[in-house]
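Below is one structure, written out as structure tokens; the observations come after it.
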Amino acid sequence: MRIFSGQQAFVLQRLSALVLLAFTAAAALRLGFGAPVSLEQWQAWAAQPAAAALLLLLAAALLVHAWVGTRDVVLDYVHPLLLRLSILSLVGVALALLGAWTAFVLVTHAL
Amino acid sequence: MNPDRPVFLDLARIRFPVGAVASIGHRISGVLLALVLPFAVWFLQLSLRSDSISIETGGFFRLAALLLAWAGAHHLFAGVRHLLMDVGIGASLPAARASAYAVLIAAAAVGLAAFFL
Amino acid sequence: MRFRIYRFDPEKDRKPYFADYELEPHPSDRKVLDALTRLKEQDDSIAYRRSCREGVCGSDAMNINGRNMLACITPLEGLREPVTLAPLPGFPVIRDLVVDMTQFFAHYHATQPWLQNGEPPPERERLQSPAEREKLDGLYECILCACCSGFCPSYWWNPDKFLGPAALLQAERFVADSRDRAGAERLEALDDVYKLYRCRTIMNCTEVCPKGLSPARAIERIKLALLRRSA
């Protein structure tokens, strides 16, 4: 199955990692050194379309990263072909659902 | 013709270098974080729709906070270590060992901080 | 000196076990191989491979006190007792410390470890500048002892599909050789989620290489070369 060849997966994992790293650094700086953020401030910020888009990007990176990582673990330890395909499919569906749920939450909040 | 040959894989008898310890921690923390993802999305939803949020500080939640903080920190630090090694920074054996120790200690520190704060 | 040795005789034992031995120290016993030779005088049934006794043939690779080493160049002094000798982890055990290297060599052969150059041969040698020759340093010295692959967790979990650090280092040895003309095909053959990308840079391989080589670095070079090709 050529969904994510070895090199593609490798590159996606690194790219998504960089995106996540950037977000984490930015969040750490803002929350660590800026004034404390109240719940209202957070909700107001997340309601802006640009912010929602950014958060969607973060979610996408997170899901891609989780997919490649989980796939690596499954490929290492699960050897029977059918079992492996089943587990990977389940994980894929679960992550896709999580992505849809996140998008729904973010988009409905921004609207 | 494949006679049933045993394989020596007694992990307790194998002396793992520090890099391997950092690596398995990277994997374990990754799996932990992945398992927590649904809760993270649920928490995101709560944070955007509630009028107020209260944080529990009971013992169980402190332990959970420690575990999650450790997992996040270890996965992040070990990940950065891997990214740097990918481009050749710290790829020599002495540097790789030192950075592995640094990752282990820093992640443990973050975990402990989360427990006490 | 006390020893604990992994024993398994397929004709007598159902399961492997560790047996304890005691060896009177002798001034001529400097390396683990010396001790093994004298232990064999005590118990003739102990089986192990050995040949050059100077660290260049790779026959006596085994797990000594938890790390893969060559018995002939591992000093006895400083080893915690009981000195535990076990076969290379992850390899099928034929008997005692002798393991089946078939899969290991199959992976090596799969990388086509010979020079491929279809150009008409020159009068004498295919020339190589000193700088080009330097690129082979750290790669050609591999003695295929399997200490690295036997210490790689990724190889333990998928010995049939993951090529392992040794074979991958040899693959890079030919990719890096300026006289070789099959670089693109070699890299293409390696670009596989199992063959190459089971490597997670754990770096156990580099930690145990008795020749001081770094399969981890060779593998990183392969990954970067693949990236450059697709960029």
Revision key, fill the gap. Check: C-alpha center the range B:1-47 vs C-alpha center the range C:206-231, spacing in Å is 23
Revision key, fill the gap. Restricting to lysines and to Cα separations under 24 Å from C:K223, and discarding same-chain partners fewer than 8 apart, the set is C:K135, C:K161, C:K195, C:K211
Review point. What residue among C:G90, C:G164, C:G212 shows peak mean-square fluctuation when chain C is described by a Gaussian network model with Cα springs under 10 Å?
Key: C:G212
Review point. Hey, what did chain C get for relative contact order, percent, Cα under 8 Å, at least 6 apart?
Key: 18
Exercise for review: Could you work out how far the C-alpha centroid of the range C:89-154 sits from that of the range B:60-117, in angstrom?
Suggested key: 35
Review point. If one takes the longest principal axis of the Cα atoms in chain C, at what angle in degrees, from 0 to 90 and to the nearest 10, does the Cα axis of helix C:215-230 lie?
Key: 20
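Quick one: grab the alpha carbon gyration tensor of the range A:43-111, order the square roots of its eigenvalues as a ≥ b ≥ c, and give me rounded if a/c is under 1.5, else prolate or oblate depending on whether a/b is larger than b/c. Working shown, then result.
Values: a/c = 5.81, a/b = 2.92, b/c = 1.99.
Taking the square roots of the gyration eigenvalues as a ≥ b ≥ c, the range A:43-111 is prolate.
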Review point. Over the range C:102-230, what relative contact order in percent results from Cα pairs under 8 Å that are six or more residues apart?
Key: 32
Check your understanding: Between C:E132 and B:S52, how many nm apart are label points set 7 Å from Cα along the C-beta direction?
Key -> 7.7
**Study point:** DSSP-defined beta bridges in the range C:2-99 - what % are antiparallel, rounded to 5
**Key:** 85
Practice item. Count charges around A:V73 for me, please; just the other residues with Cβ under 13 Å from its Cβ, Lys/Arg as +1, Asp/Glu as -1. Key: +3
**Study point:** Footprinting exposure proxy for C:D13, C:D100 (fewest neighbouring C-beta atoms within 10 Å first)
**Key:** C:D13, C:D100
Revision key, fill the gap. Relative to chain A, whose Cα atoms define the longest principal axis, helix A:49-77 and its Cα axis are tilted in degrees, nearest 10, by 30
Point to revise | Calculated P(r) tail over 24 Å for the range B:18-116, as whole % of Cα pairs | key: 33
Review point. With N residues in the protein assembly as shown, what two-decimal value do you get for its Cα radius of gyration over 2.2 N^0.38 Å?
Key: 1.15
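With all distinct Cα pairs included, what does the Kirkwood hydrodynamic radius of the range A:1-103 come out to in Å, to one decimal, could you say? Before the final figure, lay out each step's value.
Details: mean 1/r = 0.0639 Å⁻¹.
Taking every pair of different Cα atoms in the range A:1-103, averaging 1/r and inverting gives 15.7 Å.
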Practice item. For chain C, just give the cysteines left without a disulfide-compatible partner, judged by no other Cys Cβ under 4.7 Å. Key: C:C72, C:C142, C:C145, C:C147, C:C152, C:C199, C:C209
**Study point:** P(r), alpha carbons of the range C:102-230 - 5 Å bins starting at zero, rounded %
**Key:** 2, 11, 22, 24, 20, 12, 6, 3, 1, 0
Study note, to complete from the structure: Reduced to Cα centres, the span from the range C:1-42 to the range A:57-93 in Å works out to 45
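Please identify the DSSP H helices in chain B that span no less than 27 Å along the helix axis (Cα) and have a mean Kyte-Doolittle hydropathy of 1.6 or more. The partial results should precede the final answer.
Values: long enough: B:18-49 (44 Å, 1.49); B:59-86 (40 Å, 0.99); B:93-116 (35 Å, 1.71).
Answer set is B:93-116.
Given that compact globular proteins tend to follow 2.2 N^0.38 Å, what is the ratio of the alpha-carbon Rg of the range C:2-99 to that value?
1.00
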Practice item. On each of the three principal axes of the Cα atoms of chain C, give max minus min coordinate, whole Å, ordered largest first. Key: 60, 37, 30
Study note, to complete from the structure: Here, B:R13 and A:L81, labelled 7 Å along Cα→Cβ, have an inter-label distance in nm of 3.5
Review point. Got the relative contact order for the range C:2-99 handy, in percent, Cα pairs under 8 Å and 6 or more residues apart?
Key: 34
Study note, to complete from the structure: The answer for the net charge of residues other than C:P10 whose Cβ lies under 15 angstrom from its Cβ, with Lys and Arg +1 and Asp and Glu -1, is 0
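Charges at C-beta only: +1 for Lys and Arg, -1 for Asp and Glu. How large is the resulting dipole of the range C:102-230 about its Cα centre, in Debye rounded to 20?
Roughly 260 debye, rounded to the nearest 20.
Read-outs: derived from the displayed coordinates by stated rules, not from any lab. Everything quoted here is computed from the prediction, not taken from an experiment. As a convention, Cβ positions derive from the backbone with ideal geometry for all residues, glycine included, and neighbour counts pool all protein chains shown.
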